Amino acid sequence: MALYTHHLPRWKKEEVEAIKRGIEEHALVGVVDMYGIPASQVQQIRRNLRGTATVKMARNTLIEHALNELGGSVAALNDYAEGQSALIFTNENPFKLFKQLEKTKTKMAAKPGETAPEDIVVPKGPTSFKPGPIVGELQQVGIPAVIEGGKVKIREEKTVVKKGETINKKIADALLKLGIKPMDVGLVLQAAYYRGTIFTPDLLSIDEEAYANNIALAAQQAFNLSVNAVIPTSITIGAIIGKAVQEARNVGVEASIYEKDIVDLIIGRAQREMLAVALAAQSHGFELDEATL
Amino acid sequence: MEYIYAALLLHNAGKEITEENVTAVLNAAGVAVDDARVKALVAALEDVNIEEAISKAAVAPVAAAPAAA
Amino acid sequence: MEYIYAALLLHNAGKEITEENVTAVLNAAGVAVDDARVKALVAALEDVNIEEAISKAAVAPVAAAPAAA
Amino acid sequence: MEYIYAALLLHNAGKEITEENVTAVLNAAGVAVDDARVKALVAALEDVNIEEAISKAAVAPVAAAPAAA
Amino acid sequence: MEYIYAALLLHNAGKEITEENVTAVLNAAGVAVDDARVKALVAALEDVNIEEAISKAAVAPVAAAPAAA
Amino acid sequence: MEYIYAALLLHNAGKEITEENVTAVLNAAGVAVDDARVKALVAALEDVNIEEAISKAAVAPVAAAPAAA
Amino acid sequence: MEYIYAALLLHNAGKEITEENVTAVLNAAGVAVDDARVKALVAALEDVNIEEAISKAAVAPVAAAPAAA
């Protein structure tokens, strides 16, 4: 077992043992990318995850040692531990962990050279700036800044960087000054090992709206089936009665069955037919009396 | 619908809708009158406010005409 | 609208809409018949597809409802 | 509406809508049967395609009325 | 829908909708009655105000019509 | 609606909707199963084209009501 | 949709939508359960207001129909 660690110094061995314990004591171990996350935010994320997940930062080499020592299918996580990785331990299922990590993301200012995660839009309206060189700086990157009432104002909404485009230094500076924070920063789950299976983010991102839509569709289907197949339930009995009554009325009116409950409907139909024919007659020269219309 | 047309014709002419009157109108139109249907019609109309039923229906076709076209 | 009802009654009964027939129906309903109007009606309806006009009326109210809302 | 419900019940059960059958159903429901109404019902339904009539929304104007209010 | 029509027939006739009554009406219509369906129907109707459901039915077709198209 | 969902689940899973299967599914969901309702469900679905029945928009008076208000 | 039906069955039965419960229901329906899908379902539904989604369905039968097609 100590095949890989026998030559390591004591603190590293302890570190490797700690990683192994973390993996063994939790249902899930994930590899997260910590790149670009300021230390202050890491603290915040840890606080947010407290009680559900633990983040363990360690050098990649030590992570690799630990995974290899454990061996088996968990060692496949090595493929995802690159750059500034950390491990995350939890007993939640990987979908829930993924969602929680998404929720810990916060907005940050863009650094030059970063890629816009979505369209970056400068909203229309007043700014806190007094007139000065700022107007030119903004205009230079295409932001329609104007001076109005002694203040710098953005004349109209403007998309300055499209999703997927690189944010250059001038734009990054302008966004910083305007207080626009376009970047999503947080722990990015690279892969999760859970009960023998590796889950990657493409599997883990859930479209909740699609689920809600499917729930609505299923509920509609159940409602339809219950009513159309006449399987009364407390939820659908009203609709089933309504359908039966409707059908009976339709038949009654179509067949001109003179029953009290529907004779007004039959009158209505006759009246509409009369009006339709009256209008057609009128368009062919028959003068309608006042009472008709 | 002949029976209801006959009834509405009488109503519009200010005549009472009786079995006799309905039958007379239908006869004049050459309809082979079914007494039972006439009876049923007259009975059904007894408690109905025809003016009201007409005015409810009147709202529809004018507005509908363009939409239906 | 008695005139129109009379015409519809004849149409439904499968009878021709002639001046004579319309007059007979109106008479039976006790309506004082205006010959000129009967003539005008018969002439106008000659060019009207009554079935089509009626079927539009049937479709109408459904379409009217949203418009009325 | 009892008479219409009785007719639809028979139709749905695949039975013929005859005066006898309608009367039997109404009797079973404890309805004091009016022979003329039964006759009128059967006569009215004679030439009607019930399946087609069921799905036709003939009842619309009532529905439109509240919407218009 | 036989079972529902039977229930509506009883309701309209002012009779109680019991398993026994529903069964009697269905029998009279020559329907081979399934006790379980009668039970289920009667149970489901316990939770509903039939008058209300009927009056709501008048409002429905407008909403339903486009879906049926 | 549990019974309906159980039927839909079985249908989607390509399993037959039998009393036994429905009961098993409901039991697994912790539902206290009412045998009569299961029987009624299975009987009602016997001749039903489920695909068609689930996609045909049923009239939903509940939905229509607010629109009329 | 089996997974969704299973979830709605549990929801309607007043049971919690847990991995264990969903799996039990699906197993009972003879579905070869995919653990990852169950997990995804449970995780997704944690943040979905099922009652709201259901009530949306009731309001929009028209919208649902084409989706089902």
Exercise. From A:53, A:75, which residue is within 23 Å of residue A:8 (Cα to Cα) and open to solvent by less than 40 Å² (accessible area, probe 1.4 Å)?
Worked result: A:75
Exercise. Of A:217, A:204, which residue is of a type in the set (A, V, I, L, M), more than 8 Å from chain F (Cβ to nearest Cβ) and in contact (Cβ under 8 Å) with a residue 60 or more places away in the chain?
Worked result: A:204
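Here's the yes/no breakdown for (1) aromatic (Phe, Trp, Tyr); (2) out of contact with any Leu (no Cβ under 6 Å at 6 or more places or on another chain); (3) in a loop (DSSP other than H, G, I, E, B):
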residue: A:215; (1), (2), (3): no, yes, no
residue: A:223; (1), (2), (3): yes, yes, no
residue: A:233; (1), (2), (3): no, yes, yes
residue: A:241; (1), (2), (3): no, yes, no
residue: A:248; (1), (2), (3): no, no, no
residue: A:262; (1), (2), (3): no, yes, no
residue: A:271; (1), (2), (3): no, yes, no
Exercise. How do the pairs read when you match residues in segment A:65-92 that are touching a residue at least 12 places away in the same chain (Cβ under 8 Å) and of a type in the set (Ser, Thr, Tyr) with residues anywhere that are open to solvent by 10 Å² or more (accessible area, probe 1.4 Å) and assigned to a helix (DSSP H, G or I), using Cβ under 6 Å and keeping only pairs 6 or more apart or on different chains?
Worked result: A:85/A:60
Problem set entry | Selection count where residues are more than 18 Å from residue A:98 (Cβ to Cβ), of a type outside the set (D, E, K, R) and not in a strand (DSSP E or B), scope segment A:163-195 | 12
For this session: Report whether or not residue A:251 is facing another protein chain (nearest Cβ under 7 Å) and open to solvent by 10 Å² or more (accessible area, probe 1.4 Å).
Result: no
Problem set entry | Flag if residue C:64 is assigned to a helix (DSSP H, G or I) and at pLDDT below 90 | yes
Exercise. Among B:17, B:54, B:4, which is under 12 Å from the mean Cα position of the chain (by Cα) and at pLDDT below 90?
Worked result: B:54
Exercise. Of all residues in segment A:276-291, which are open to solvent by 10 Å² or more (accessible area, probe 1.4 Å), in a helix (DSSP H, G or I) and either aliphatic (A, V, I, L, M) or at the interface with chain B (Cβ under 10 Å from one of its Cβ atoms) (or both)?
Worked result: A:276, A:279, A:280, A:291
For this session: Might you let me know whether segment A:168-186 holds any residue that is within 12 Å of chain G (Cβ to nearest Cβ), under 26 Å from residue A:44 (Cβ atoms) and touching a Gly at 6+ places or on another chain (Cβ under 8 Å)?
Result: no
Problem set entry | Residue selected from segment A:96-124 under the condition open to solvent by less than 40 Å² (accessible area, probe 1.4 Å), assigned to a helix (DSSP H, G or I) and touching a strand residue (DSSP E or B) at 6+ places or on another chain (Cβ under 8 Å), by the criterion farthest from residue G:35 (Cα to Cα) | A:101
Problem set entry | Filter pass, residue A:223 being open to solvent by less than 10 Å² (accessible area, probe 1.4 Å) and of a type in the set (Phe, Trp, Tyr) | no
Exercise. Restricting the search to segment C:10-33, which residues are touching a Leu at 6+ places or on another chain (Cβ under 9 Å) and part of a loop (DSSP other than H, G, I, E, B)?
Worked result: C:13, C:15, C:16, C:17, C:18, C:29, C:30, C:31, C:32, C:33
Seminar exercise, completed: Expected output for segment A:144-162 (first residue part of a strand (DSSP E or B), partner open to solvent by less than 60 Å² (accessible area, probe 1.4 Å) and hydroxyl-bearing (Ser, Thr, Tyr), Cβ below 9 Å, 6+ apart or cross-chain) is A:145/A:127; A:151/A:127; A:152/A:127; A:153/A:127; A:154/A:127
Seminar exercise, completed: In the set C:22, C:38, C:42, the lone residue that is without any contact (Cβ under 8 Å) to a residue 24 or more places away in the chain, more than 7 Å from every other protein chain (Cβ to nearest Cβ) and open to solvent by less than 40 Å² (accessible area, probe 1.4 Å) is C:22
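The values are calculated or read from the model by the stated rules, or taken from the named source; none is laboratory data. All values reported here derive from a predicted model rather than from experimental measurement. Virtual Cβ from ideal backbone geometry, glycine too; neighbours counted across all protein chains shown. Remember, those area values only see protein heavy atoms, side chains included, never the ligands or the DNA or RNA. Shrake-Rupley method; radii C 1.70, N 1.55, O 1.52, S 1.80 Å.
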